[in-house]
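The values are calculated or read from the model by the stated rules, or taken from the named source; none is laboratory data. The model shown is predicted, which means the values in this text are computed figures rather than measured ones. In this analysis, Cβ positions are derived from the backbone assuming ideal geometry, glycine residues included, and neighbour counts consider all displayed protein chains. Each accessible area value is taken on the protein alone, full model and side chains, heavy atoms only, with ligands, DNA and RNA left out. Shrake-Rupley method; radii C 1.70, N 1.55, O 1.52, S 1.80 Å.
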Amino acid sequence: MLFSQDVRKSATLPKVQSADYLLLFKQKTEIDYWVKSNAFPSPLQELSICCWFTLEADVVYPLTYTTMTDGVLNHVNFGIINERIMFRMSLPVYSKKRVIHGWTKQPGVWHSACVTWESADGVIALYTDGTLKKRETGFHNGSTILSGGTLVIGQVQGSFGGDFDVIQAFKGSLAGVAIYDRAITAAEVTTYNKSCKLNTGNLFKWSDIGLGQLHRETLDMIQPATCP
């Protein structure tokens, strides 16, 4: 265990030196999450998100990123809904999402998922367990993900940095979250799928967890991680 069971509601985390730990979300609750402000310091025209997780509920969101434009919420959501990977980007003017079939839900079984996006041609690619499942163009081509937003792990942001919905809260284990400011290659996804402990990602890597704020009621950080 990385911190005392007495810590509740909000905690500044110790600096983590490696990615060999997991976040265990025991129950669906609006209180359990990790948050970091100004998570993306520069605007993005490419993005990749990868994570390892176990499926313990039908609707879960490993992470969301939000910004505000003239009072309008822009968001990037990465979720798992009824055994399908869902990636949605709501940027100024319009919203789009892509969904692919993932797995049959088996509590306690680890999986990996990655999504990559490039603005130039709107190229989006979705991978499950290291295998490319969908690749297409025209997804938010020409768009930019704004800087200065809030990154939340474990919840969907209904407003900027808050307004969480318990139905969509994460339940299960989460590890190895990696975020890049570029579209990683299929070979890099293959490498990522070999272990949850590689600690990659130039925008966010799993050992960066100490840079944010953890809010918890039933959530625990456990080491070593039990994922592959």
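General observations
- The set of residues in segment 31-50 that are surrounded by fewer than 22 Cβ atoms within 10 Å (Cβ to Cβ) and among the acidic types (Asp, Glu) contains only GLU46.
- Residue that is nearest to TRP110 (Cα to Cα) [pool: residues in segment 213-227 that are modelled with pLDDT under 90 and assigned to a loop (DSSP other than H, G, I, E, B)]: GLN223
- Flag for SER112 being open to solvent by 10 Å² or more (accessible area, probe 1.4 Å), in contact (Cβ under 8 Å) with a residue 12 or more places away in the chain and either at negative phi or in a strand (DSSP E or B) (or both): no
- Residue under evaluation LYS134, criteria (1) in a strand (DSSP E or B); (2) at pLDDT 95 or above; (3) open to solvent by 10 Å² or more (accessible area, probe 1.4 Å), criterion not met: (2)
The rows are residues; the columns are (1) under 14 Å from the mean Cα position of the chain (by Cα); (2) open to solvent by less than 70 Å² (accessible area, probe 1.4 Å).
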| residue | (1), (2) |
| --- | --- |
| GLY176 | yes, yes |
| TYR180 | yes, yes |
| LYS194 | no, no |
| LYS197 | no, no |
| TRP206 | yes, yes |
| GLU217 | no, no |
| ASP220 | no, yes |
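- Filter pass, LYS171 being open to solvent by 30 Å² or more (accessible area, probe 1.4 Å) and within 14 Å of the chain's Cα centre (by Cα): yes
- Long-range neighbours under 6 Å by Cβ, at least six apart or interchain, first residue of a type in the set (A, V, I, L, M) within segment 134-150, second open to solvent by 50 Å² or more (accessible area, probe 1.4 Å): LEU146/PRO43
- Qualifying residue in segment 182-196 (condition: part of a strand (DSSP E or B) and touching a residue at least 24 places away in the same chain (Cβ under 8 Å)): no
- In segment 47-70 there is at least one residue that is free of Cβ contacts under 8 Å to residues at least 40 places away in the same chain and either assigned to a loop (DSSP other than H, G, I, E, B) or of a type in the set (A, V, I, L, M) (or both).
- Search result, residues across segment 142-155 that are in a loop (DSSP other than H, G, I, E, B) and under 21 Å from PRO41 (Cα atoms): GLY142, SER143, THR144, LEU146, SER147, GLY148, GLY149
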